[in-house]
Structure formats: structure tokens, C-alpha cells
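I have placed the structure first, in the form of C-alpha cells, so that the comments after it can refer back to it.
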Amino acid sequence: MAVEGELVLIGFAEAYAAIETAWSLRDAGYRVAAFARTANRPALRRVRNVDMYEVAPPEADAARTVEDLARLIARLRPAAFMPLDDATVWLASKLPEDVTVVGPTGDRAELALNKQLQLDAARAAGLPVPPTRVVEDPQELTDLDVPVVVKPARALYEVDGRLARPTGSVCANDEELRRVAADAWYTPLLVQPLLHGVGEGVFGLVGAHGPTAWSSHRRMRMVNPQGSASSACRSQAVDESLREPASRFLLDAGWTGLFMLEFLRDASGDAWLMELNGRPWGSLALARRRGLEYPAWAVAAALEPSFQPPVPEALPEIVCRHLGMELVHLAFVARGPQSEALTEWPRFATTVRDMLRIGRRDRLYNWRRSEPDVLAADTLDFIRFYMHRARGAR
């Protein structure tokens, strides 16, 4: 599939999907280089045969990051550049047009970073979208039917030359709503009713012949039960009622390459679209353990548009768990909910019991028998990150 010696540059190396992406590309015969933020030492450095470089952190100076990345690309001359997170999707949109980006560019990059645009386009394509109110001023967060979720319309914002990635809040009553309204927000904001349910992901690749290589999983646990990346997920069949409107949504947008559509399925069985991700996702390990080499396929399709991914005829049903995320999830459960609206918070004893139940089909993120130190470094990195985050919050 890969021409021997072709170089693929990936980043940021700190992204959840970095390790599995590097393995996918390396196994397909590509050479791999990656960039990290200056002075960071991500676990990806433990993966063999990946050349590591540094760029300025965009959270400090976004223009400097663009310059550093452009110089790195001019120096390395990679066959392709693959963004691994929202920050690099934004950076890719600033690069010269002659760079082969394995990800969204132009209007598609704006769609990937703007949830308001995603929801409007999804609604027009026939995908179920939660009722959503757009708020331009936080002081407008009054007289709402609570409980609600208040979240930024964009995945990230450029503020005073720096990239900022704010998070949302859950409000159970008017008091919590007033407290959230008093916070510093980047607008616009999206206000949606708080939906209870289970997160699901629908994944695939859009090539010359449309969306293909479909797969799906549902979340078993999230790092933060309020809403975050999966610490454990289970494979499942793709919901056929979603396939046609999802295809229409992607094709109407002129989408190419990888896609991840995140849904929330409520107690009535209805699946509501939450967002579109246009780069490798955190739970990529599950897809790869099933034989779905999405990163390598995406690069092959970008370099040769006629490429057709060799999807296995039978996909095994498995569970995939991230060791570091599972431990942090347990800490979140012990801390308890931060809003009275979060009435379905997991019980600590039940969570411990479920986490200790390991079946024959269970697999681990970022684990490879020939490179065991990668998992150890990744687990420690993740725990350190959340400990630092918790200290900063206090």
C-alpha cells in the first residue's frame, strides 16, 4: 500500500491518537515523523522509528507555531501531513496549498472546528440534532428550561494570538446558570437540553467512491462521566438508519478522508448527533484491533485517490480500554458530579467491579508486546496530565 520510504508527518505528538496512528503508518510501510510542543516529552517518543521534532505551543504563540511547522515541512518534505487533533487541523488550514494534508482543509476545516455549522448541515441532511439555541452574549443565559448544557460553538478559538480550547458546563437550575453566565466565555455559545444516554461513534473514510469502511462503537465509560473521551468502549454494528443521512451530510459538505460522527443515544433509543471529528480519534485503538487501519488508509487515499481500503470481511467484536484513562475515570467517579443535573453519576463500587471484570475480548489502547514501555509511558503521562490539571483547577 505504501511506497517504501515515503515520509508522513503527524502531530501533535501529545494527541490521544498519536501512538496508534504512528503504528498504523509504520506497519503499512511509511516512515513516520512527529512534532510535539517545545519542552514536552510525550509517550510517542517511546515508539520505535519515529523521528521527533518540536514546535512552539500554539497556546502561547499560534503564529510562531505556524512558522515553526512550515519550516519543518520545508525541511523534511514529507509526502503527507496528518493532523491528529483540533489544534493541528487549525494549523493545517494555515499551511501552503502545496502541502498534502490528510485531513480537512479550507471550508471543510472550518466545518470540522465549528459545531454550529456541523449541526446546521447535519439537520439539513436529515440527521437527528438536539434542539440548539445560539447565544452571542453570556448574559443571555437566563430564562432557560433547565437542565441544559452550555458549550462553545467552536472546538477552539484564536484569542490574542493564542489558541484556546474552552470546555462546556452543565446547569441544573437558575443558580448554576447565573454562575456559568458570570464566567469568561468565548462566543458564540450553544445551549442544548441535557440529554441522558450512551455515547456512540460512527467511523469511516470518504474516498473517490464515497463513504466506505464503516464501523461503530459505543462508550462503556468516559474519563469524566459528565462528557469526555472514552476510557473504555465496545464495538457494535453500524446503525443502518444513520448511514444514509450521514452519507448525505458528508457528501454535501464535500468531505474527504477520515470521519468520526459522535452520537448520544437516549433511553428511548434515539441517536442525536453531537459533533463531527475530521481527524484520528482517541479510541482509534479499537478500530485497529478489528483490522481497520484508518490512518494508513487515509494517507494512501490522499496520495492515490483511486485507493480502496481492504476492509476485512468479518470484524471481531471486542472491548478496548485505556489504562490511564480508566484510573482517572475512577478518580472522577470518586469526586462526584459538579452539577445537580448529573443525576445518573456512576457508583464507585459498581465502577470498580466493572473495571476489574476483564474478558477474553478485552484489549488495551497503546499496547504492543514488542514495545511494552510505550504503554507504561502513556499511562504515566496521562495520570500526570490530569493531576496537573486538577492542581490548576484548585
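The values are calculated or read from the model by the stated rules, or taken from the named source; none is laboratory data. Because the structure is predicted, anything quoted here is derived from the model rather than measured. Reconstructed Cβ throughout: ideal geometry from the backbone, glycine too, with neighbour counts over all protein chains shown.
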Starting from region 46-61, keep only residues that are in contact (Cβ under 8 Å) with a residue 24 or more places away in the chain, then list their pairs with residues that are of a type in the set (Asp, Glu) and crowded, with 17+ Cβ neighbours inside 10 Å whose Cβ atoms are within a distance under 6 Å, requiring at least 6 positions of separation or different chains.
-> VAL55/ASP68
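Does ALA285 meet the test of being buried (at least 20 other Cβ atoms within 10 Å of the Cβ) and touching a residue at least 24 places away in the same chain (Cβ under 8 Å)?
Criteria met by ALA285.
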Could you tell me which residue of region 265-289 is modelled with the lowest pLDDT, considering only residues that are more than 19 Å from the chain's Cα centre (by Cα) and part of a loop (DSSP other than H, G, I, E, B)?
-> ALA267
Given (1) in a helix (DSSP H, G or I); (2) under 22 Å from ARG363 (Cβ atoms), index of the condition SER241 fails | (2)
Return the residue satisfying two criteria in turn: it lies in region 208-224 and is touching a strand residue (DSSP E or B) at 6+ places or on another chain (Cβ under 8 Å) and either of a type in the set (S, T, N, Q) or not in a strand (DSSP E or B) (or both), and of such residues it is surrounded by the most Cβ atoms within 10 Å (Cβ to Cβ).
-> VAL223
PHE385 vs (1) loosely packed, with under 13 Cβ neighbours inside 10 Å; (2) within 22 Å of the chain's Cα centre (by Cα); (3) free of Cβ contacts under 8 Å to residues at least 60 places away in the same chain: all pass except (1)
Scope region 120-144; condition part of a strand (DSSP E or B) and more than 26 Å from GLU344 (Cα to Cα); matching residues | VAL134, VAL135
Output for region 1-50, where each listed residue is in contact with a helix residue (DSSP H, G or I) (Cβ under 8 Å, 6 or more places away or on another chain), in a helix (DSSP H, G or I) and surrounded by fewer than 22 Cβ atoms within 10 Å (Cβ to Cβ) | ASP27, ARG45, ARG46
Of all residues in region 290-303, count the ones that are out of contact with any helix residue (DSSP H, G or I) (no Cβ under 7 Å at 6 or more places or on another chain) and in a helix (DSSP H, G or I).
-> 6
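Could you please find all residues in region 74-94 being crowded, with 18+ Cβ neighbours inside 10 Å and either over 17 Å from the mean Cα position of the chain (by Cα) or farther than 20 Å from VAL55 by Cα (or both)?
Once the filter is applied, which keeps residues that are crowded, with 18+ Cβ neighbours inside 10 Å and either over 17 Å from the mean Cα position of the chain (by Cα) or farther than 20 Å from VAL55 by Cα (or both), region 74-94 yields PRO78, ALA79, ALA80, PHE81, SER93.
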When you look at VAL206, is it within 22 Å of ASP266 (Cα to Cα) and aliphatic (A, V, I, L, M), yes or no?
-> no
Output for region 267-282, where each listed residue is more than 22 Å from TYR30 (Cα to Cα) and in contact (Cβ under 8 Å) with a residue 24 or more places away in the chain | ALA267, ASP270, ALA271, TRP272, LEU273, MET274, GLU275, LEU276, ASN277
When the residues of region 304-354 are filtered to those that are among the charged types (D, E, K, R) and outside any loop (DSSP other than H, G, I, E, B), which remaining residue is surrounded by the fewest Cβ atoms within 10 Å (Cβ to Cβ)?
-> ARG353
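Across region 196-235, what is the number of residues that are within 20 Å of the chain's Cα centre (by Cα) and modelled with pLDDT under 95?
Within region 196-235, residues that are within 20 Å of the chain's Cα centre (by Cα) and modelled with pLDDT under 95 number 17.
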Report those strands (runs of 3 or more DSSP E) wholly inside region 145-207 carrying at least 2 residues which are under 22 Å from PHE12 (Cα atoms).
-> 157-159, 162-164, 197-207
